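Everything below concerns the one structure shown next.
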Amino acid sequence: MKNLGYQLLKRYVKAALYLYFGKIVVHGLKNVPEKGPVLFLPNHQNALLDVLLIVVDCNRKPFFLTRSDVFIRPVLKRFFSFLLMIPIYRIRDGRKSLVKNEVIFDQCATLFKDGHAIVMFPEANHNLKRRVRNLSKGFTRILFNAIEKEGAQDIKIVPVGLNYRKAQVFPDEVSLYYGEPILVNDLYTVDDKPASTIAVKEAVSYRLKRLTTHIEEEDRYDEIHTHLERAGVDFLDPQQANNAQKSLDGLNLNTKEDKTSIGPLKLLFTVVNFPVIALWRFWAKPKVWEIEFMSTLRFAFAMISYPVYYLLLLLAVALLFNFTVALITIVLLFVFNWAFVRLGSK
């Protein structure tokens with residue numbers, strides 16, 4: 001029964017994601033092992049959306065490690081456990097809390113031994129910038145602990161590049177690139193953990209910097225990013241975006257106005273969805289505490305509010321006219337919203 005509930009929720013979230021994003025493109029699924037222990041290591045830009053996009057399409061049923069502070073309330077703890085979320089403790093949670101990670105590491109070792117998949121963010125924090133940050137060694141400790149304590153064999157790392165066209169806005173588009181798996185056991189030497197840690201981190205970092213847009217020069221980040229945007233670089237294609245950085249001076253800058261403006265459509269979208277949009281802008285949006293959480297909370301709000309809005313609108317129109325007119329109204333509104341998201345994300 002629990003598995004059925006998980007599968008139903010997963011399908012609902014997947015449908016909601018494909019309605020929320022104008023386009024979701026997935027590359028390299030053939031690189032994901034169908035069986036055996038796997039650690040997905042994605043770059044981290046867009047809070048919980050990064051996880052959801054991987055979970056719904058990765059062809060596995062992964063557990064995922066997330067910050068422990070979301071597990072404070074018992075009700076949420078049970079719900080997150082249902083979602084296969086595992087708490088991980090950070091230094092900001094208090095130095096004493098780090099001891100609890102030993103239990104978590106052992107739990108991960110057992111999961112790997114049993115052939116499960118886990119999702120973890122090796123950068124250990126999120127940021128909207130298009131660059132792969134320095135990787136934490138936490139994920140290597142989890143991997144090496146699994147090999148040492150459970151004798152886990154053939155653990156594979158699958159790096160994942162997440163590429164948003166413009167992560168903080170709506171509507172948006174996203175592409176996922178699953179890289180070729182890295183066999184951890186080939187890079188691990190029991191007598192030299194420091195060297196093994198460096199080897200694994202470098203291998204993952206190297207792959208991630210090719211699976212997503214990576215602007216290496218941090219001190220020139222804004223300049224380079226602006227240049228790429230003005231040149232019309234497709235950020236859904238990391239190879240194109242990274243190659244463009246090699247010849248910035250040769251890029252043709254697009255100074256023309258966008259002729260595909262959807263201003264009138266946006267106004268109509270606002271009018272026909274006014275109750276939901278007003279509730280978001282004046283009640284929910286002010287509660288967003290970090291810009292990186294904007295899209296995640298907007299998505300969660302839409303996923304909950306739109307079914308309610310459609311139902312209430314259906315009942316209201318049915319009372320004013322009849323059920324047939326109400327059903328046609330809802331279908332037309334749904335199709336219009338779907339079309340707007342696809343047109344507006346480009």
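The numbers here are math on the coordinates, done by the rules we state, and not lab data. Since the model is a prediction, treat every value here as computed from it, not as a measurement. Glycine gets a Cβ as well: all are built from the backbone with ideal geometry, and neighbour counts include every protein chain shown.
Between amide H atoms placed 1.01 Å from N, distances below 5 Å from Val26 occur with Leu176, all of them 5 or more places distant or on a separate chain. When the chain is treated as a GNM with alpha-carbon contacts under 10 Å, the residue of Ala241, Ala146, Ala195 showing the greatest mean-square fluctuation is Ala195. The H on the amide N of Ala231, modeled in the peptide plane, is under 5 Å from the matching H of Asn254, each at least 5 residues off or on a different chain. Using a 10 angstrom cutoff on alpha carbons, build the Gaussian network for the chain and name the most mobile of Phe80, Phe139, Phe299. Taking springs between Cα atoms under 10 Å, the residue moving most is Phe80. Normalised by the number of residues in the chain, the mean separation of alpha-carbon contacts (under 8 Å, six or more apart) gives a relative contact order of 21 percent. In this structure, the amide hydrogen of Met85, modeled 1.01 Å from its nitrogen in the peptide plane, lies closer than 5 angstrom to those of Phe64, counting only residues at least 5 positions away or on a different chain.
Using only side-chain charges placed at the Cβ, +1 for Lys and Arg and -1 for Asp and Glu, the dipole size of the chain relative to its Cα centre rounds to 1000 debye. When the listed pairs Lys30/Lys156; Lys129/Lys285; Lys23/Lys61; Lys61/Lys201; Lys10/Lys61; Lys23/Lys166 are checked against a 18 Å cut-off, the alpha-carbon distance exceeds it for Lys129/Lys285; Lys23/Lys61; Lys61/Lys201. Evaluated at q = 0.16 Å⁻¹, the base-10 log of the normalised Debye intensity for segment 263-344, with identical point scatterers placed on the Cα atoms, takes the values -0.69. Here the Gaussian network model covers the chain, with springs between Cα atoms less than 10 Å apart; of Arg78, Arg165, Arg133, Arg78 fluctuates the most.
Where both bridge residues fall in segment 2-214, DSSP classifies roughly 25% of the beta bridges as antiparallel. Once you order the gyration tensor axes a ≥ b ≥ c over the Cα atoms, which shape class does segment 180-242 get: rounded for a/c under 1.5, otherwise prolate or oblate by comparing a/b with b/c? It comes out oblate by the Cα gyration axes. How big is the chain by the Kirkwood estimate over distinct Cα pairs, in Å? Taking the inverse mean of 1/r over all distinct Cα pairs, the chain comes out at 22.2 Å. What separates the Cα centres of segment 294-316 and segment 166-233 is a distance of 34 Å. Couplings for segment 17-30, taken from phi via the Karplus curve 6.51 cos²θ - 1.76 cosθ + 1.60 with θ = phi - 60°, read 5, 6, 8, 6, 8, x, 7, 10, 10, 10, 10, x, 4, 5 Hz in order; Gly and Pro are left as x.
When each of Ile142, Ile198 is scored by the number of other beta-carbon atoms lying within 10 Å, the sequence from fewest to most is Ile198, Ile142.
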